[in-house]
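Laboratory data are not the source of any read-out in this text; all were calculated from the coordinates shown. Quantities reported herein were computed from a predicted structural model and do not represent experimental measurements. We place every Cβ from the backbone using ideal geometry, glycine too, and count neighbours over all the protein chains shown.
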Amino acid sequence: MENFFERVTTRRHPWPPGRRDLHWHLLPPPDARDQLGEPYQALTHQPGLEPVPPEWLHVTVLHAGPQRDASQQEITEMTARVREAVARTGPVTLTFARPAIGTVAIERAARPGTPARRLWDVTWTATTDVVGQRWPLQPTTYYPHVSLAYAGERAQHADRGTLKQRLADIDGGEVTLTFDTLALVSQWHDGRHIVWEHLADVPLPRRTAGSSRT
């Protein structure tokens, strides 16, 4: 495998260690985190991998941009625009597949993608409405997923063939979760783990009978 953290620090639009960037996430509720990761600890706790602790599991919706490049007024305005845009969308239900061994991470892709992509579009529209084209769109194509482990600085020790063999011996199934909140966080990494400070929650309220769509 390849070092995930080296990749994000050397890509065209780098995210260096310690820099706090604004991210929008769907966060698994505490009572569901173990469902996503615990069956696969024998897989994620292998040489070359940095397992994601349960409290930091997340479904990224949008990597917006460096927090230091936005004023508090701009962050407040972006949040308000997202809140207004999702007021009638309703919660998002995702079914997470068994893990896949990728090039830089072990992740569980989720379906259906369309409701989560709507949130990706909403958050990006709110961002550009406030800050213009100051930041690049990240990711440029979107599919919902949760990463259980990232390849780290010893990524060469994480052999994909061996990991796939281990995965084949784990009897874990799909997990379906409903998200009723979109979270804005200030996120950074240290070259091993991704962590964040929580900034705001935006409800994804259930539609009531007779409510209209816009």
Condition check for D69: on the phi < 0 side of the Ramachandran plot, of a type outside the set (V, I, T), without any contact (Cβ under 8 Å) to a residue 12 or more places away in the chain and surrounded by fewer than 21 Cβ atoms within 10 Å (Cβ to Cβ)
no
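Per-residue answers, yes or no, for (1) under 22 Å from P144 (Cβ atoms); (2) of a type outside the set (D, E, K, R); (3) in a helix (DSSP H, G or I):
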residue: R19; (1), (2), (3): no, no, no
residue: H25; (1), (2), (3): yes, yes, no
residue: P39; (1), (2), (3): yes, yes, yes
residue: E50; (1), (2), (3): yes, no, no
residue: H63; (1), (2), (3): yes, yes, no
residue: R88; (1), (2), (3): yes, no, no
Given the criteria buried (at least 20 other Cβ atoms within 10 Å of the Cβ), of a type in the set (G, A, S) and touching a Ser or Thr at 6+ places or on another chain (Cβ under 8 Å), does A105 qualify?
yes
Whether any residue in the range 123-137 is of a type outside the set (F, W, Y), in a helix (DSSP H, G or I), more than 20 Å from E38 (Cβ to Cβ) and in contact with a Pro (Cβ under 7 Å, 6 or more places away or on another chain) is what I want to check.
no
The one condition in (1) loosely packed, with under 14 Cβ neighbours inside 10 Å; (2) not in a helix (DSSP H, G or I) that E55 fails to fulfil
(2)
The residue that is nearest to G152 (Cα to Cα), considering only those in the range 27-37 that are among the hydrophobic types (A, V, I, L, M, F, W, C) and outside any loop (DSSP other than H, G, I, E, B), is L36
In this structure, is G161 surrounded by fewer than 13 Cβ atoms within 10 Å (Cβ to Cβ), of a type in the set (G, A, S) and either touching a residue at least 60 places away in the same chain (Cβ under 8 Å) or within 19 Å of Q41 (Cβ to Cβ) (or both)?
no
